[in-house]
Amino acid sequence: MRIPGIEELKAITNTESDADLARALEVTRGAVSKWRIRGEVPETTLEKARKGKFNVIKITIPLYDVVASAGVGTLVEYEPSVEVELGDTLKVALGINNPSKAKMLHVQGDSMSPTLQSNSLIAIEEVDSFSDDGIYVFTWDNDLFVKRLQRTKAGIKVISDNTVYEPWEILSDEMRGEGFIIRGRVTGCCQHL
């Protein structure tokens with residue numbers, strides 16, 4: 001049975017199991033079981049959690065040792081190099097809702113400026129296909145790009161936020177081939193000023 005207070009506590013502490021929740025809250029597993037039986041969590045526990053008074057389990061996501069080109073494209077081997085540990089604040093700031101599908105990589109080039117500066121670190125959420133307009137990381141003819149994608153009648157318009165660069169198009173039949181692979185949708189970035 002799903003108890004709203006327990007679900008809220010799990011979201012706040014970034015935990016999935018009752019055992020992990022008990023560890024994060026520094027209570028016994030029996031206490032969490034009692035909350036389930038009663039169907040409620042003590043209000044003091046919820047207030048304390050909402051104020052950030054409990055341990056938050058950090059998430060780790062892979063950082064890829066590749067550069068997504070905000071320019072003419074970069075040849076890549078799309079493999080993770082290290083795991084990056086993020087606390088709750090960075091997780092929220094980077095828009096990471098599903099850590100198991102999150103990845104991070106670097107951007108190089110000025111075609112997505114001012115939105116994404118060269119040498120920015122971006123967070124992406126792995127998706128299987130283009131769903132709606134937004135900024136995506138994708139492979140096109142073995143080059144890795146980060147661009148704004150917009151649906152058109154003929155396919156997808158590839159747009160650079162820097163107006164110096166002209167948009168180009170990937171036609172619907174080209175999208176079905178092996179040369180076009182969506183790697184993920186950009187959810188957030190860290191960049192130097």
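The values are calculated or read from the model by the stated rules, or taken from the named source; none is laboratory data. Just so it is clear, the structure is predicted and the values come from calculations on it, not from any experiment. Every residue, glycine as well, gets a Cβ built from its backbone with ideal geometry; the counts of neighbours run over all protein chains shown. Each accessible area value is taken on the protein alone, full model and side chains, heavy atoms only, with ligands, DNA and RNA left out. Shrake-Rupley method; radii C 1.70, N 1.55, O 1.52, S 1.80 Å.
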- Restricting the search to region 134-180, which residues are hydrophobic (A, V, I, L, M, F, W, C) and open to solvent by 70 Å² or more (accessible area, probe 1.4 Å)? Val164, Trp168, Leu171
- Residues of region 11-52 being within 23 Å of Lys91 (Cβ to Cβ), part of a loop (DSSP other than H, G, I, E, B) and open to solvent by 100 Å² or more (accessible area, probe 1.4 Å), which ones? Glu16, Glu26, Lys51
- Message: Residues to consider are Val56, Val82; find the one that is modelled with pLDDT under 80 and in contact with an Asp or Glu (Cβ under 6 Å, 6 or more places away or on another chain).
- Response: Val56
- Message: Considering only region 185-193, I want to know if a residue exists there that is of a type in the set (A, V, I, L, M), open to solvent by 70 Å² or more (accessible area, probe 1.4 Å), modelled with pLDDT under 95 and part of a strand (DSSP E or B).
- Response: no
